[in-house]
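Novice: Below you'll find the structure I mean.
Each reported figure results from applying straightforward, stated rules to the coordinates on display, with no laboratory input. On a predicted model such as this, the values are computed, not experimentally measured, just so you know. Glycine gets a Cβ as well: all are built from the backbone with ideal geometry, and neighbour counts include every protein chain shown.
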Amino acid sequence: MTESTKRPDTVRLQRIAKGFWESAAFMSAVELGVFTAIANGSNTIESAAAALKIEPVNAERLLTVLTAMELITRNDEQFSNTADVDRFLVEGKPTYAGPWMLFSKPRWETWGNLTEHLKVPAAEQRVLGMYDDTFTVERAREYHEATYSIGMGAARRFHRQVDLSGRTKIMDLGGGSGCYCIIGAQQHPGLRAEVLDLPPVVVVTREYLKDNGVENEVIATACDFTRDALPQDADVAIMASNLPQYSRPIIADVVQRVYNALLPGGEFHLIGEMLDADGCGPIAPALWGLSEAVSHSTGLAHSVSDCADYFTAAGFKQIQIDEFIPDTLTRISGTKPD
């Protein structure tokens with residue numbers, strides 16, 4: 001039997017069905033501090049077990065799986081972190097993103113009931129699924145501890161790609177912890193910024209602005225940017241990593257409202273989890289869209305074609321589509337004519 005006529009088997013399907021086993025192993029490794037222990041020299045089964053305060057047999061079980069997942073490598077009895085793990089999952093490094101990797105764990109049981117969530121009728125869906133009446137300042141603080149750990153890296157990447165020299169003010173829609181504005185203010189003296197987010201969130205935003213020493217350059221304003229008036233004095237608008245939370249009509253309206261609010265010559269950067277033009281992937285944006293069913297929201301995954309059409313319909317010119325983070329985030333930008 002040739003490769004082209006090989007009878008299908010269940011290997012791929014079983015791997016998908018057990019995908020949560022891999023997630024569990026990964027999250028436990030982050031919680032236990034496995035990668036930090038390895039980086040600090042506890043890189044054998046016995047020494048890792050001692051550092052993690054678990055039995056050697058369990059250390060062996062976990063390290064074996066992490067090796068098979070290609071998160072660590074093995075050379076005889078010694079283990080090493082792979083490059084991405086060493087950069088992002090070793091505590092104490094400024095690039096540590098452990099909180100973000102654990103972000104979805106509280107929703108684990110909810111995802112186990114996905115079938116029931118998919119049966120929720122439209123009448124019971126909300127414009128913002130996770131941001132219901134129970135979204136408190138404390139929940140916002142927990143949420144943005146995770147997003148900040150990954151958001152600062154994304155903000156640095158944005159400012160490496162986009163030169164805001166000569167610009168006067170950023171308005172950041174749903175800016176959360178304010179990462180894009182923080183980096184902008186630090187890199188461009190005289191640049192002002194305004195983070196627009198819901199009332200519980202801006203309390204937390206102001207804490208991050210103060211911690212980063214930019215509370216005089218960046219302000220945080222309570223604003224539902226899907227409905228409330230937007231600032232009229234900004235020549236840069238950014239909306240990052242909240243695209244799937246909203247429906248197509250809402251995003252189309254937001255893009256139009258941003259266009260109307262921007263100063264002539266202003267630029268808008270929409271950074272989001274976008275599907276390819278054919279809507280067939282990548283998997284990460286597709287899953288973010290599916291997660292909105294768990295939140296009972298009206299949001300879904302948008303394609304790059306959808307988003308480009310929103311920009312065109314609003315009146316933006318010089319529309320450009322750029323890969324931001326491979327297979328995860330895309331940046332679409334456009335300019336309001338003078």
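Novice: Given just the C-alpha atoms of the range 8-91, how large is their convex hull per residue in cubic angstrom?
Specialist: Numbers: hull volume 9.0 nm³, N = 84.
Cα convex hull per residue, to the nearest whole number: 107 Å³.
Novice: For every other residue with a beta carbon closer than 12 angstrom to the beta carbon of residue 221, add +1 if it is Lys or Arg and -1 if Asp or Glu, then tell me the sum.
Specialist: Working: positive: 206; negative: 172, 194, 197, 224, 228.
Surrounding charge for residue 221 is -4.
Novice: Output the antiparallel fraction of DSSP beta bridges having both residues in the chain, as a percent to the nearest 5.
Specialist: Numbers: 16 of 38 bridges.
Restricted to the chain, the bridges split so that about 40 percent are antiparallel.
Novice: Run the helix sum for the chain: -39,500 (n - 2.57) per DSSP H stretch of 4+ residues, divided by residue count, reported at 222 nm to the nearest 500 deg cm²/dmol. Intermediate values should be presented prior to the final figure.
Specialist: Working: 15 runs with 152 residues, N = 338.
About -13500 deg cm²/dmol.
Novice: If Lys and Arg each add +1 and Asp and Glu each add -1, what is the summed charge of the other residues whose beta carbon sits under 10 Å from the beta carbon of residue 30? Intermediate values should be presented prior to the final figure.
Specialist: Details: positive: 105; negative: 31, 91.
Net charge around residue 30: -1.
Novice: Restricting to DSSP loop positions (anything but H, G, I, E, B) with no more than 15 other Cβ atoms inside 10 Å of their own Cβ, which trypsin sites (Lys or Arg not before Pro) remain in the range 98-147? Spell out each step's value before the answer.
Specialist: On the way: sites: 107, 119, 126, 139, 141; in loops: 119.
Passing sites in the range 98-147 are 119.
Novice: Based on alpha-carbon positions alone, could you give the equivalent ellipsoid semi-axes of the range 253-338 from the gyration tensor, as √(5λ), descending, whole Å?
Specialist: On the way: eigenvalues 122, 42, 19 Å².
Semi-axes (√(5λ), whole Å): 25, 14, 10.
Novice: Longer than 28 Å from Cα to Cα, which of 105/169; 6/105; 18/119 are they? Say none if no pair is. Intermediate results must be reported in sequence, preceding the final value.
Specialist: Numbers: 105/169 37 Å; 6/105 38 Å; 18/119 24 Å.
Correct reply: 105/169; 6/105.
Novice: Sum up the charges of everything whose Cβ sits under 12 Å from the Cβ of residue 283, counting Lys and Arg as +1 and Asp and Glu as -1, but leave residue 283 out. Don't skip to the end; give the middle numbers.
Specialist: Values: positive: none; negative: 273, 276, 327.
Overall, the nearby charge balance is -3.
Novice: Over the range 162-263, what is the mean sequence separation of C-alpha contacts under 8 Å (at least six apart), divided by residue count, expressed as relative contact order in percent?
Specialist: Numbers: 173 pairs, mean separation 31.0, N = 102.
Worked out over the range 162-263, it gives 30 percent.
Novice: What do you get for the angle between helix 304-314 and the principal long axis of the chain? Use alpha-carbon atoms, 0 to 90 degrees, nearest ten.
Specialist: For helix 304-314, the angle is close to 10 degrees.
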